Structure formats: C-alpha cells, structure tokens
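All remarks here apply to the structure that follows.
Values in this text are rule-based calculations from the coordinates and carry no lab data. These numbers were taken from a predicted model, which means no experiment stands behind them. Cβ placement follows ideal geometry from the backbone for every residue including glycine, while neighbour counts extend to all protein chains displayed.
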C-alpha cells in the first residue's frame, strides 16, 4: 500500500527483502535477495550507505538517473535481530509532479512524520484520531474519519452497507456543522463517502457548492456547511489487505485554495499508511476479543460449594498496552475431608495460544487433584505434562509452554494447616487477623516444563481463624515503570488497610 521503496538488510549487509517499488527504483535483479549490498549494482555511494548500516534521514542519493531520498534505521537497537531497514522515495518524480523542489521536500517530510505519529498503538479509534490530528492543519482544515461498526469490534464491513460511525474528528476551529464523533451516519448512495466505500476510489470535490451529490445526505446541513465556509472536500477509502474499512474525509474552509489533483496522491498515501495501522489494530482487537472470550470460558464460572474458606476472586484481562490477554488462571477445588485446594497459575505469552494452553493445564490440575497428591508431587506431574506438550508441539508452529508458573495449596480447616508448593510463581500474601501482612517463604521451584531439573518442595503454614490468604499473578504487581518490590509494597499496603477482622470481606479485598 505504500508508494515507497523498502529494503531489509541482515547483519551481514545482505539483502533480505526488497519490495516492488525498491526493485523498480534501483533496477534490482530478480535474484537480488541474498546478495551483499555492495554487489547489487546500485552505485557506490548508495551501496556504501547500506553497507555502513548507519542511521540516515532523507539523504539524497543519485541512482540510475534518479534523485532518491533515503532513510535508514538499525533493527537491533531495541533488542531485535541485527540489520537495518531502508526506505527510498523518488524525489525526481515528486519534483516533476509539483514543479517545485521545495514542495516535494515538504511533502516527503510530511509522509515521514506521518510514519512516526500515526499508528503508535493497537487501538482502532486512537489510530484514527492520530490521522485526524496529524492532517490538521498541515493538509486540511477539518478531517473526519468514519469506520464501519464491525471494524471497531475487530470484524470486516458487511457488503452492501454504507452506514459508518464517526470515530475521529479534528478542526482548526470550533462550531462546525460537521457530524460529531460517535454519530452513526447512513450515507446516501450519491455521496462521495458511499461511492468511495463501495468502489474504493478517491473522490475530489474542488468546489462543493457546484456539486449536488454530497448535499443529498442532509440538504439543511449542507447549507450550513457552505455558510460555515467549507468549500472543498476530498474523500479517501481506508483500505488495507483488500478490505475497505471506512472513509477519511478532508475538508478546507479557512484556506481559500481548493484541493487539487496533486493533493489526491498525497492524501491517498497518507491514508494508506494509516489504514495499515488501523487494520493491524482491527486484527489485534479481533484476536484480543477471542482470547478474552476463550479465557473467560475456561475460568470457573462459579465457585464450588465448600465450607472451609470464604473465597472471592477477580480476573481483569490485560489491555493492549500490556501485551494483551495472557494465560492466567485460578481454581478452587474441594477435596475429601473438607479440605480445599487453591490454585493460581500463569502461562507465558499472550493471545489465543496462551489462553488455550491455560485451559489444558487447568484441566490437568483438576485431574491430578483427584489423586489427592501433596502439592509438590502434583507440580512434579504437571511439569512432566508440560514437557510432553512442548515435545508434541515442537514443530515450531506453536510457542512452547516452558515458563508457565503455578502455585498449588491445600488447606485443611480441621487443623488450620495449609500446605503450599510453587513452580516459579510469586509467593502468596498472608494477612494476619491483626492486620499485619507478610509474604511467607515458600520454596521456589523452577517454572513448569524444565523436566525435573530441580525438585519441587512443599511448606506448611498455620492459618489462624480470621486470616487472609491472597494468591495472585505477576500482572497485579509488575509494571514497566516501577520495580516489582514497589508493586509488592503497594499490595501490602492495600491488604493492610483493612484486615479481615475489621469486617472487610474477601470480595471487598479483591475490589481494593
């Protein structure tokens, strides 16, 4: 979708990938992939830049009679594989198109800045608003983004429908009669938005009062738009991977010049960049929703009847910024003799695979618990199961389970003793009746899946009447902006604020 050459070079400065535009601009051979950049026949100046791997921004190089603006970034600065990514743009063609070198450079910089400012998150609405914020006032006086409702839920638009919801808007001044964010708009067939949504074509209305098609949507509001000073409109389909998700509409009011044909290619490229980010966010939203649904379906829907403990729980799915839905799970399992097993675990990774694997481990724990095994023996069996799962899925198509953690505890209300064992999991918190909070030392075995490299150990705690035992996963206390010890102290403070003897129920503790 991007009218820009893209080259990916590996750590040995060999060409790993080139898109069609890069091949055209540089005249690359069909078998160019795998060759050293110095052997591509692209000119010594440009080849030297690629061979150096240094960062560059809009450097102009001559290649095959063309003036190319070249940008290059290293891929290993953030822990990625060694290599670099370079982008090429033909400034010669831009100069021919506009007739002015300064305009070509300005538009080149505009597209470069758009790549930095649009698509910073995996959120459909936020990415749409970033497009609107970027284009005003640099390209238009007002910008509106309308998407089909299914796109907001991770789906694809329905064929034959022209109704879209306004998800983003930006203008140079307040009080415009343009539809607000949140409004569901049923575009009339004659409108540029409906035409573009159905055909995938951009529509330019250089003199809006002279055209009637757009006015059929709402004649009264059309008069208000003209009175407000809006005189030119450019509608561009938001299309990625062959799917049209909505329409971006650019409007001019304060600046007197209308949109011209040169602006069409600029708007299309700007929207194409944003559309790829919106589509990525849409696809992520779909997987995130599926993962949440799957995980919720695999977690307990109701706590089982048992008389040994008062139990409450909370499950909050992670947000996109935190990496998405993971494989966290918990369980309360009644055992013979009024005893109760408490389980909390976490499968490494995020998404559907983590959620599905979590369901398998939860089922396994249920099955092993029927054998009435001590906690350390149960974790030993679970570790062997994870090893077999990793071996069965060793074809590389699925991520290994190794790294899953689990804490298994068995509480006996007749003696007040609680036996615990953990596999790489965080220690529980114990709230004493007087409000004192501690993290008791529970021997820490290795994460599941290491195949018995170290034995699991069990320990016993005496829980007096009115005590509170808090099991949790790392998502509660870990945060990139602080040390985990700080998170544990925040947890300690929340639990100590109102101990169980002061009347706070487990449900209220979860809320806190």
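Table for the structure above
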| quantity | calculated |
| --- | --- |
| The chain - convex hull of the alpha-carbon atoms, volume per residue in Å³ | 198 Å³ |
| Per-bin percent of Cα-Cα distances, segment 151-203 [10 Å] | 21, 47, 28, 4 |
| Convex hull projection area averaged over all views, segment 114-208, Cα basis, nm² | 6.9 nm² |
| Inter-label distance, nm, simple model (7 Å from Cα along the C-beta direction), residue 363/residue 29 | 5.4 nm |
| Largest-first principal axis extents, alpha carbons of segment 1-96, Å | 41, 28, 27 |
| In range of the label at residue 85: residues from segment 38-62 whose backbone nitrogen is under 16 Å from the point 7 Å along Cα→Cβ | 54-58 |
| FRET efficiency, residue 55 to residue 307 (Cβ-Cβ, R0 56 Å, nearest 0.05) | 0.25 |
| Helix-only mean residue ellipticity at 222 nm for the chain, each DSSP H run of n ≥ 4 adding -39500 (n - 2.57), per residue, nearest 500 | -10500 deg cm²/dmol |
| Rg to Rh quotient for segment 135-276, alpha carbon positions, Kirkwood Rh | 0.93 |
| Against the rule of thumb 2.2 N^0.38 Å, how large the Cα Rg of segment 178-244 comes out | 1.14 |
| Residue 227/residue 482 FRET efficiency (R0 56 Å; Cβ-Cβ; nearest 0.05) | 0.55 |
| Full-extension gain in nm, residue 48 to residue 338, via 0.36 nm per residue minus C-alpha separation | 96.9 nm |
| Stretch gain in nm, segment residue 415-residue 120, where the contour uses 0.36 nm per residue and the Cα spacing is subtracted | 100.7 nm |
| Whole-number percent relative contact order across the chain, with pairs defined as alpha carbons under 8 Å at least 6 apart | 9 percent |
| Relative contact order, percent, segment 405-447 [alpha-carbon distance under 8 Å, six or more residues apart] | 37 percent |
